[in-house]
Amino acid sequence: MIQAIILLGLLIFFHELGHFLVAKYFKVYVEKFSIGFGPKLFSWKRGETEYMLSAIPLGGYVKMYGDGPDYNSEGDTEGAPEMKARAFNNKPLYARALIVFAGPLANFLLAAVVYALIFMAGVPRSTAVIGEIMPDMPAAEAGLLEGDKVVSVDGNPVVFWDEMSSYVVERPGREIVFEIQRNGERMEIVVTPKESMQKNVFGEDVKVGLVGVRVSGDYIRVNYGFFPSLKMGVEKTAEVTGLIITGVVKIFQKSVPADSIGGPIMILQMAKTSADEGVLMLLGLMAAISVNLAILNLLPIPVLDGGHLLFYAVEAVTRRPVSIKIREYANMAGMMLIFGLMFFAFYNDIVRIIKS
């Protein structure tokens, strides 16, 4: 419970910090910075901004002066003209768009940094040493033995198990030359992976190649340097982003069941499990949820960051802001949709608990 609250709090903090810092850069007057919604538990004021911790830890907000469809700069006499100049809605379009985009961007950057820290701390990777050989499968028929160390596949050097397995699964029914090391000697064995249908990460049936071997359990912890870790952190963030976007698309295509959507209860359970398995697992979960939060906020739904960006895109094309009435109706529809998604996520969480 505590781990999940801290995890969510950090993700929300960095998201709102992105909005806050870019707003400050463009000299917008920031009235409030809140972690959580609803009644405030406690607050303090530093400079012109009130910082708050609120009761409902399912989000947060940065309240900026002049941010709202009902703000009228012509009728603003409070602190004019200085306050007019610092009002969010009086800033150029590009500035408003950057302030809004900064929240999701902060979550993407946080994920990249967290993944980089994981790579620097050291990632356990299974070596390409063959464990159990399954009977009546291509590996057994070709003569592979338990304890064989795979050196290369089709001339491509391998060190780790995932390098070998990813090569094999993509080549069902095609001959693969395994170069192995056995009792200090090297030899080549030709294996033809058996074609099989398996579920992928999205629950879809896909054709894969299987040779019938299991990992031995031997692994080494691989540490990476600072700059390689940063590069891998960015690549991992991009990979997770692609997987999440693909998953969302497949939910709408009904390729992935909608009951896979989870809510706060699921996050609590995952956080507890990850914390039990170690700090690195918890950090990995944090990075993945941070990417999820960024993508969720970029959906073109009014009241979310993506909805605001959609309005700004329309403004850029039409050369005038979307009318107040349209924005109000759109925001109401967006709120209804968000509450519906939250209710559905809670429902899925409860069903999972009942079934478990």
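Since every read-out is calculated from the coordinates, none of them should be taken as a lab result. If you're wondering where the values come from, they're calculated on a predicted model, not measured in any experiment. All Cβ positions, glycine included, derive from the backbone under ideal geometry; neighbour counts span all protein chains shown.
Listed values, structure above:
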item	result
Amide H contacts under 5 Å for Ile176, placed H, 5+ residues apart	Val191, Thr192
Segment 172-252: equivalent-ellipsoid semi-axes (sqrt of 5 x gyration tensor eigenvalues, Cα, Å)	31, 25, 11
Compactness of segment 127-217 - radius of gyration and Dmax, Cα, Å	12.6, 42
From the C-alpha gyration tensor of segment 1-155, square roots of 5λ in Å	54, 19, 13
Candidates per GluC sites (Glu not before Pro) in segment 202-251, loop by DSSP, up to 15 other Cβ within 10 Å	Glu204
Isotropic mean projected area of the C-alpha convex hull, segment 90-162 (nm²)	9.3
Partner lysines for Lys231 [C-alpha distance under 25 Å; skip if fewer than 8 residues away on the same chain]	none
For segment 92-123 versus segment 151-227, the gap between their alpha-carbon centres in whole angstrom	34
Per-selection metrics, segment 288-329 (Cα): Rg and Dmax in Å	12.1, 38
